[in-house]
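Visitor: Encoded as structure tokens, here's the structure I'll be asking about.
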Amino acid sequence: MTYDYLIVGSGLFGATFARLATDSGKRCLVIDKRSHVGGNVYCEDVEGIHVHQYGPHIFHTSDKKVWAFVNRFVEFNRFTLMTVANYKGRLFNLPFNMNTFYGMWGVRTPEEAHAMIEAQRGEIKDITNLEEQAISLVGRDIYEALIKGYTEKQWGRSCKDLPSFIIRRLPVRYTFDNNYFNDTYQGIPIGGYNVLIDKLLEGVEVKTDIDFFDGLESQWRSLADTLVFTGKIDDFYHHRFGELQYRSLRFEHEVLHTPNYQGIAIMNFTDRETPYTRIVEHKHFEMMGSEVNNLPMTVISREYPQAYLPGYEAYYPVNDDSNSRLYAQYQALAEQEEHVIFGGRLAEYKYYDMDDTIARAMACWDDNKKIATKP
Ligand code: FAD
Ligand code: UDP
């Protein structure tokens, strides 16, 4: 065998696994069907601005091991995500907090906000879907203005047909705190995400523009003892039980000749009619305060939700009941494999954030190391 590991996919899962294996003296080959490494955290340099090509990425974690790991390779800046929602021209702070409640109802104390939400929550007892979860957390007004339109655009289905956990990703706070995350650590890698990925892949053999399924699957597999697969699990089994559903996105990137277009990294457009969900202004991730004006131009990206069709990227697993059942069938097959490790958002069909993905890669490496060194 030429390699110990053939790693399909150079995103955070593949790159983390490759780093850990290489540091232990293993030989890895990483292949990726895209023309660059990094998967969805890849950034393009446009006019000195790191443009998040596949959607805005903010690193946040409470996992000390993951934070220590990434800090071995790159330092992080002090960026803290605070998002503004634009509902038909009215601006509200996100995530849901006292600033949002004040903006919506003029309430000034946590007690007043509680009373308002309690009154709007009505009779909901059992939470069976996203709509019930949202109304019970923040009341009907906020659901209608800031959640319903955005979510139905994003997922292409009714809030009644979506799992409640999706909305629980966002904090609800009875304090004046606009931080989008509750995690202990947060920031953007100084120099951008490509620095992190390049360090993770330093000294690792990498080939881009290679699709594992382009007819040479068995030849690729014969190169290594173990395959680490980070693509779609239903692709791996050639859709034997049917296709898993994903949600896709389309990005429209634009260079504007103004130093500061919207004054914030992410503005969400939460009404149903605006066809995009958010506008990202990339320079705000890395240029703070008056630094923003040092560059006379800016780059913005409009993010349009999109059905997942052939040729599009699969960005989000659709973790509803029927897809979860289908995934369980694939997972049962995956568990029988002795020389294949499935990891990451697509192979595990899970809504992983970056820190979850890195933590999974570290855990998979530890497990595999134990098996490999068993007497
Ligand atoms: P990916 O990054 O998707 O990498 C998989 C790689 O495998 C890709 O490069 C792909 O080209 C390659 N591949 C697939 N199939 C094949 C094949 N057949 N042959 C060869 N190569 C193949 N997380 C956060 O923590 N914070 C955020 O702010 C955040 N924002 C996000 C915004 C958006 C719009 C999206 C979609 C995700 C966001 N995430 C965020 C999640 C984050 O992107 C993921 O957790 C992480 O990138 C997953 O890494 P991965 O390696 O599993 O997958
Ligand atoms: N969401 C919403 N309104 C917003 C932002 C988010 O209703 O302005 C909902 C939407 O359903 C989304 C979910 O909250 O899918 C999780 O939001 P998050 O920002 O975590 O989404 P991601 O970054 O994964 O796209």
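Visitor: By its C-alpha gyration tensor, with a ≥ b ≥ c as the square roots of the eigenvalues, how is the stretch 237-287 shaped: rounded for a/c under 1.5, else prolate for a/b larger than b/c, else oblate? Spell out each step's value before the answer.
Guide: Numbers: a/c = 3.40, a/b = 2.27, b/c = 1.50.
Taking the square roots of the gyration eigenvalues as a ≥ b ≥ c, the stretch 237-287 is prolate.
Visitor: Over 5 Å intervals from 0, what percent of Cα-Cα pairs in the stretch 220-316 sits in each interval?
Guide: Per 5 Å bin, starting at zero, the Cα-Cα P(r) for the stretch 220-316 comes out as 3, 11, 15, 14, 12, 11, 11, 9, 8, 5, 2, 0 percent.
Visitor: Given the -39500 (n - 2.57) contribution per DSSP H run of 4+ residues, what per-residue ellipticity at 222 nm results for the chain, rounded to the nearest 500 deg cm²/dmol? Please report the intermediate quantities before stating the final value.
Guide: Details: 11 runs with 108 residues, N = 375.
Dividing the helical sum by the residues of the chain leaves -8500 deg cm²/dmol.
Visitor: Quick check: net charge around residue 181, other residues with Cβ under 11 Å of its Cβ, Lys/Arg +1 and Asp/Glu -1? Please report the intermediate quantities before stating the final value.
Guide: Numbers: positive: 169; negative: 177, 183, 353, 355.
Local net charge: -3.
Visitor: Based on the mean of other Cβ atoms within 10 Å per residue, sort peptides 104-114, 279-289, 198-208 so the most packed one is first. Before the final figure, lay out each step's value.
Guide: Working: 104-114: 14.6, 279-289: 19.9, 198-208: 16.3.
Answer by packing, highest mean first, reads 279-289, 198-208, 104-114.
Visitor: Would you please give the FRET efficiency between residue 24 and residue 219, computed as 1/(1 + (r/R0)^6) with r the Cβ-Cβ distance and R0 = 22 Å, to the nearest 0.05? Before the final figure, lay out each step's value.
Guide: On the way: r = 26 Å, r/R0 = 1.18.
The computed FRET efficiency comes out at 0.25.
Visitor: List the residues, sorted by chain then number, that are 5 or more residues from residue 206 or on another chain and whose placed amide H is less than 5 Å from its amide H.
Guide: Correct list: 30.
Visitor: Once the Cα gyration tensor of the stretch 25-131 is found, what semi-axes does its equivalent ellipsoid get, as square roots of 5 times the eigenvalues, in whole Å, sorted largest first?
Guide: Values: eigenvalues 324, 74, 55 Å².
Over the Cα atoms of the stretch 25-131, the semi-axes work out to 40, 19, 17 Å.
Visitor: Only sites in a loop by DSSP and with at most 12 other Cβ atoms within 10 Å count here; which GluC sites (Glu not before Pro) in the stretch 232-272 make the cut?
Guide: Values: sites: 243, 252, 254; in loops: 243.
Within the stretch 232-272, the qualifying GluC sites (Glu not before Pro) (loop, at most 12 other Cβ atoms within 10 Å) are 243.
Visitor: Could I ask something else about it? If R₀ is 22 angstrom, what is the calculated FRET efficiency for the pair residue 172 and residue 64, using the beta carbon separation as r and rounding to 0.05?
Guide: On the way: r = 26 Å, r/R0 = 1.17.
Step by step, r from the Cβ atoms, then E = 0.30.
Visitor: In nm², what is the average projected area of the convex hull enclosing the Cα atoms of the stretch 232-375?
Guide: Values: hull surface 49.5 nm².
Projected over every direction and averaged, the Cα hull of the stretch 232-375 covers 12.4 nm².
Visitor: Which order, highest average first, do 125-131, 81-87 follow once you tally other Cβ atoms within 10 Å for each residue and take the mean per peptide?
Guide: Working: 125-131: 14.9, 81-87: 19.3.
Answer by packing, highest mean first, reads 81-87, 125-131.
Visitor: How many percent of all Cα-Cα pairs in the stretch 143-284 sit more than 22 Å apart?
Guide: On the way: 6536 of 10011 pairs.
Summing the P(r) of the stretch 143-284 above 22 Å gives 65 percent of all pairs.
Visitor: How large, in Å, is the stretch 315-366 by the Kirkwood hydrodynamic radius built from its alpha-carbon pairs?
Guide: On the way: mean 1/r = 0.0846 Å⁻¹.
Over the stretch 315-366, the inverse of the mean reciprocal pair distance is 11.8 Å.
Visitor: Moving to a separate point now. HN-Hα J couplings of the stretch 257-265 from phi, Karplus 6.51/-1.76/1.60, θ = phi - 60°, integer Hz, Gly and Pro as x?
Guide: So the Karplus estimates, Gly and Pro as x, are 8, 8, x, 8, 7, 10, x, 7, 5 Hz.
Visitor: What's the lysine pair count for the stretch 34-160 at a Cα cut-off below 22 Å, pairs eight or more apart or interchain?
Guide: Details: 88/148; 88/153; 125/148; 125/160; 148/160.
Lysine pairs satisfying the spacing and distance rule in the stretch 34-160 number 5.
Visitor: Could you put 366, 356 in order, starting from the residue whose Cβ has the fewest other Cβ atoms within 10 Å? Before the final figure, lay out each step's value.
Guide: Working: 366 10, 356 19.
Lowest to highest Cβ neighbour count: 366, 356.
Visitor: Label 7 Å along Cα→Cβ of residue 161; the stretch 316-331 residues with amide nitrogen under 19 Å?
Guide: 316-327
Visitor: Next question. Roughly what % antiparallel, to the nearest 5, for the DSSP beta bridges in the chain? Walk me through the intermediate numbers first.
Guide: Numbers: 32 of 51 bridges.
Antiparallel: roughly 65 percent of the beta bridges in the chain.
Visitor: Using a Gaussian network model of the chain with C-alpha springs under 10 Å, which one of 234, 23, 32 is most mobile by mean-square fluctuation?
Guide: 23
Visitor: Let me ask another. Can you return the lysines within cross-link range of residue 350? Criterion is Cα-Cα under 19 Å, with same-chain partners fewer than 8 residues away left out.
Guide: Leaving aside lysines fewer than 8 places away in the same chain, those within reach of residue 350 are 232.
Visitor: Something else: Taking the Cα atoms of the chain, report the difference between the largest and smallest coordinate on each principal axis, in whole Å and largest first.
Guide: Per principal axis, max minus min of the Cα coordinates gives 68, 52, 38 Å.
Visitor: As an exercise, find the ratio Rg/Rh for the stretch 192-256 from alpha-carbon atoms, using the Kirkwood inverse-distance average for Rh.
Guide: Rounded to two decimals, Rg/Rh equals 1.06.
Visitor: Rounded, prolate or oblate: which fits the stretch 1-79 when a ≥ b ≥ c are the square roots of the eigenvalues of the alpha-carbon gyration tensor, with rounded for a/c under 1.5 and prolate only if a/b beats b/c? Don't jump to the answer; show the numbers that get you there.
Guide: On the way: a/c = 2.54, a/b = 1.33, b/c = 1.91.
Because a/c hits 1.5 or more and a/b fails to exceed b/c, the stretch 1-79 counts as oblate.
Visitor: Quick one: net charge around residue 144, please, counting Lys, Arg +1 and Asp, Glu -1 for every other residue with C-beta under 13 Å from its C-beta. Can you show the working numbers first?
Guide: Details: positive: 88, 90, 140, 148, 272; negative: 131, 141, 152, 271.
Surrounding charge for residue 144 is +1.
Visitor: Which of the lysines could be linked to residue 283 by a straight reach, that is with a Cα gap under 17 Å, when you skip same-chain ones fewer than 8 residues away?
Guide: Straight-distance partners of residue 283: none at all.
Visitor: Which of 156, 89, 311 ends up with the largest GNM mean-square fluctuation for the chain, with Cα atoms connected below 10 Å?
Guide: Most flexible of the set in this elastic network: 311.
Each value in this text was obtained by applying a stated rule to the coordinates, not by laboratory testing. These numbers were taken from a predicted model, which means no experiment stands behind them. FYI the Cβ positions are ideal-geometry reconstructions off the backbone, even for glycines, and counts take in every protein chain you see.
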